Number of protein chains: 2
Amino acid sequence: MPVSLDAGFAQEMDRRDPLAGYRDEFVTRDPDTIYLDGNSLGRLPRRSIERMRHVLDRQWGERLIRAWGDDWLDAPRRIGAKIAALLGASPESVIVADSTSVNLFKLAVAALDARPGQKRIVTDELNFPSDIHVLASALELAGGDPLEIVRSRDAIRADVDGIAAAIDERTALVALSHTAFKSGYVHDMARMTALAHRAGALMLWDLSHSVGAMPLALDAAGVDLAVGCTYKYLNGGPGAPAFLYVRRELQDALANPIRGWFGQCAPFDFALEYVPEPGIARFLTGTPPILSLAAIEPGVDLLLEAGLGRLREKSVQQTEYLIGLWEALLQSLGFSLNSPRESERRGSHVSLGHPDGWRIDQALIADMRVLPDFRHPDNIRFGVAPIYTSFADIHEAVMRLARVVEERRHEKYPRARKGVT
Amino acid sequence: MPVSLDAGFAQEMDRRDPLAGYRDEFVTRDPDTIYLDGNSLGRLPRRSIERMRHVLDRQWGERLIRAWGDDWLDAPRRIGAKIAALLGASPESVIVADSTSVNLFKLAVAALDARPGQKRIVTDELNFPSDIHVLASALELAGGDPLEIVRSRDAIRADVDGIAAAIDERTALVALSHTAFKSGYVHDMARMTALAHRAGALMLWDLSHSVGAMPLALDAAGVDLAVGCTYKYLNGGPGAPAFLYVRRELQDALANPIRGWFGQCAPFDFALEYVPEPGIARFLTGTPPILSLAAIEPGVDLLLEAGLGRLREKSVQQTEYLIGLWEALLQSLGFSLNSPRESERRGSHVSLGHPDGWRIDQALIADMRVLPDFRHPDNIRFGVAPIYTSFADIHEAVMRLARVVEERRHEKYPRARKGVT
């Protein structure tokens, strides 16, 4: 894409953008603040305010306990089915429950249990550290071998050959982040899944940084298991409950290792015997947090209306635009591109490195009202949420970023870092 | 308490009630409906509507990702400290996280891990079945012996001698519901805890049906571990996240078996090594669901203002009044008292049994606009939430219940049961 440094170029791109109207579906309190952290916490959809009013006034306030039968009991499945449409998965293969960490724990233990004699889990260094800790927890409890973490050759790309070499007949599960939280590197889902299957292992994807930003095809790729956040590109609200996917044919063969009443077949019989729900619902555990759960649905509806094909097309245009501006303006100011250059291996965020990254990040937020986020050691991470990010946002953010460095505004900020989410 | 069948008696009791004003703190959409299911889902506090508006508009909508640092990261601890005041526990011993089931799993596994060589967990038949399933899950994964479930002599009372006999030097953990979900039987916390300690076991209480309805003294009783719901007497909202308690001196000796980033010491370093938070925060796992979490606080504040001593006094008066009306009016209509008669062993709900219980429950809801709940096989469970339940509510509910049977209104409802929470 030929990139112009002129603001008029961004304005023209926004005028031609068929998705531009969706920006008004989201609350924008301070138009001068540029928000490029939708990959950490998505914006508040206006419809979610209405939905919360309904849940409070009409359901909790008025229907009280009866709202469970009216609507709430069904919500984990109903919203799961909508998320399934974003994953290229059948509606009965996804459910909303717990946090990503707890879901990952449940599925990892279930996978180890389903592959007796195969005591290994393989992951890679690009995976989210919390996933790595949870996988290690699962192995410890289930009596597996220590977690195998395949190191990367650099901080940007996975070592696909190294991962392939680590998978063997002792591997029960391969667990990877589809889009890496730091560099935005995107694994080849079909290829890695086939590699796992060839060795007799199950394949699990953490889709937190992919879902809602690009089309996915879990069923077609033969993926076994997946988990992911709903509070990033799905705009489900802070800490909104996570989803989990289990391939249809596997569901009744896998056991939920934390057997709570919401995964039980007839919970209101209050029987001492535990009979799991048939299908995906067996992976529920406790009572779901309804306010946070209900808030997920409007954001998912918006993505389904906008269409993932169009969203991905815009996302690629926008990250290419950002990288073009980096080449033209930021590289000479000492910034490095810490994300893959080719769009087919890149998610919807771009990490720019700088030796003074942490101080620049602070100046950008405090002096310039641009909100990216920061990832150790030097990555300023710019998240593009194509449903509401404009080309003008990206242009203006880059101009302000250049000003920080040109005017040495970052030099008044501390070098020591104490980050937030 | 001498009981009069006259409605004037209830009105007089309400006039004298020092807590009567708190009823207006809660949303009441339909004044003709009598809600006696606050032990399943507490009413919506008016202040929670304001709080949700603040979280949506000012925090998520305006501050976006910055709200984590402003407020949200601290919320599990801050609200935990307030709940601690309801438990007779030090502020640093309680945190809000996950569901009751997941918290129970984490603490049960941690207890087994802390008592190597002691492979047993003892519980009793009055415990909530989901707790029993979760405890069995923990034992399976941690390689313990099958769960020991001490049977009761009847459906109302625990077999304290039987439990005492089951606890021995092989017991790692004794785990009981403090107030039984069906009969409302209340265990002697100090006595049972001492029994567990005498054998070298840890003691865990599920406080779901106690917290907010009576004063508790966890620290004084030397309790080791506890979990509980926030959506019953705490009025925290449907499926609101649960709390967990770990005695101060034990915290750093116990390990969270599901190690997610919120229990990590410096989560934003994104290190591959896991170093747990010091203290109670190590028992967090994933990102907490903030909308549901924030909604807990106003209900807890109301209970702290009202005072647990006064709430318990009113609760006892109200359950005594209900039992008095049962003796005077309902017993002759075929109802049995399925709760302990003596108030010191009874929580804040009263179960009335009837051979046609399920059909009567349906008629009471549909024809009479009284909302209790139903527990297998024949219990109609009337929950008194002293912060908003009036004596007039109880009088009118009993009158309507008597009318259902006298007018045989239940006979048009099906005998087969399909219950909802």
Qualifying residues in segment A:235-249 (those that are more than 8 Å from chain B (Cβ to nearest Cβ) and in contact (Cβ under 8 Å) with a residue 60 or more places away in the chain) - the one surrounded by the fewest Cβ atoms within 10 Å (Cβ to Cβ):
A:R248
With the requirement that a residue be exposed (fewer than 14 other Cβ atoms within 10 Å of the Cβ) and farther than 18 Å from A:L322 by Cβ, what does segment A:5-53 give you?
A:R15, A:P18, A:G21, A:D24, A:R29, A:D30, A:P31, A:D32, A:E50
Of the conditions (1) within 11 Å of another protein chain (Cβ to nearest Cβ); (2) buried (at least 22 other Cβ atoms within 10 Å of the Cβ); (3) in contact (Cβ under 8 Å) with a residue 24 or more places away in the chain, the single one that B:H133 does not satisfy is (3)
Yes/no for B:L308 being within 14 Å of chain A (Cβ to nearest Cβ) and either at positive phi or not aromatic (F, W, Y) (or both)
no
Could you say which residue among A:A138, A:A111 is away from chain B (no Cβ under 11 Å) and crowded, with 22+ Cβ neighbours inside 10 Å?
A:A111
If I ask for residues that are more than 8 Å from every other protein chain (Cβ to nearest Cβ) and free of Cβ contacts under 8 Å to residues at least 60 places away in the same chain, which ones from segment A:251-261 would you list?
A:D252
Kindly list the number of the only condition in (1) free of Cβ contacts under 8 Å to residues at least 60 places away in the same chain; (2) away from chain A (no Cβ under 14 Å); (3) on the phi > 0 side of the Ramachandran plot that fails for B:G279.
(1)
Counting only helices (runs of 4 or more DSSP H) entirely within segment B:1-117, those with at least 2 residues that are more than 18 Å from B:I296 (Cα to Cα) are B:7-16, B:66-70, B:100-114
Given the structure, is B:S315 surrounded by fewer than 16 Cβ atoms within 10 Å (Cβ to Cβ), more than 30 Å from B:R53 (Cβ to Cβ), among the polar types (S, T, N, Q) and outside the structural domain of B:L202 (by TED's automatic domain parsing)?
no
When segment B:222-234 is checked residue by residue, the ones that are of a type outside the set (G, A, S), in contact with a helix residue (DSSP H, G or I) (Cβ under 7 Å, 6 or more places away or on another chain) and within 14 Å of chain A (Cβ to nearest Cβ) are B:V227, B:C229, B:T230, B:L234
Criterion violated by A:G334 - all others in (1) surrounded by fewer than 18 Cβ atoms within 10 Å (Cβ to Cβ); (2) closer than 24 Å to A:D32 by Cβ; (3) small (G, A, S) satisfied:
(2)
Looking at this structure, is A:F181 assigned to a strand (DSSP E or B), within 14 Å of chain B (Cβ to nearest Cβ) and not hydroxyl-bearing (S, T, Y)?
no
Selected residue (criterion: nearest to B:L337 (Cα to Cα)) from residues of segment B:359-415 that are at pLDDT below 95 and within 14 Å of chain A (Cβ to nearest Cβ):
B:N379
Out of segment A:195-224, which residues are in contact with a strand residue (DSSP E or B) (Cβ under 6 Å, 6 or more places away or on another chain) and farther than 27 Å from A:V350 by Cα?
A:A196, A:A199, A:A201, A:L202, A:D224
Within segment A:263-275, of all residues that are closer than 23 Å to B:A108 by Cβ and at the interface with chain B (Cβ under 8 Å from one of its Cβ atoms), the one surrounded by the fewest Cβ atoms within 10 Å (Cβ to Cβ) is A:L272
Which members of segment A:114-130 meet the condition of being at the interface with chain B (Cβ under 9 Å from one of its Cβ atoms), charged (D, E, K, R) and touching a residue at least 60 places away in the same chain (Cβ under 8 Å)?
none
Within segment A:54-66, does at least one residue satisfy the condition of being hydrophobic (A, V, I, L, M, F, W, C) and more than 30 Å from A:P267 (Cα to Cα)?
no
All-but-one check, A:L204 against (1) modelled with pLDDT of 95 or more; (2) within 14 Å of another protein chain (Cβ to nearest Cβ); (3) surrounded by 24 or more Cβ atoms within 10 Å (Cβ to Cβ), failing number (2)
Top-ranked residue in segment A:373-395 [being of a type outside the set (A, V, I, L, M) and more than 22 Å from A:L303 (Cβ to Cβ); ranked as surrounded by the most Cβ atoms within 10 Å (Cβ to Cβ)]:
A:N379
Considering every residue within segment B:80-93, establish whether at least one is within 12 Å of chain A (Cβ to nearest Cβ) and in contact (Cβ under 8 Å) with a residue 12 or more places away in the chain.
no
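The values are calculated or read from the model by the stated rules, or taken from the named source; none is laboratory data. Please read these numbers as outputs of a predicted model, since none were measured by experiment. No Cβ is skipped: glycine too gets one built from the backbone with ideal geometry, and neighbour counts run over all protein chains shown.
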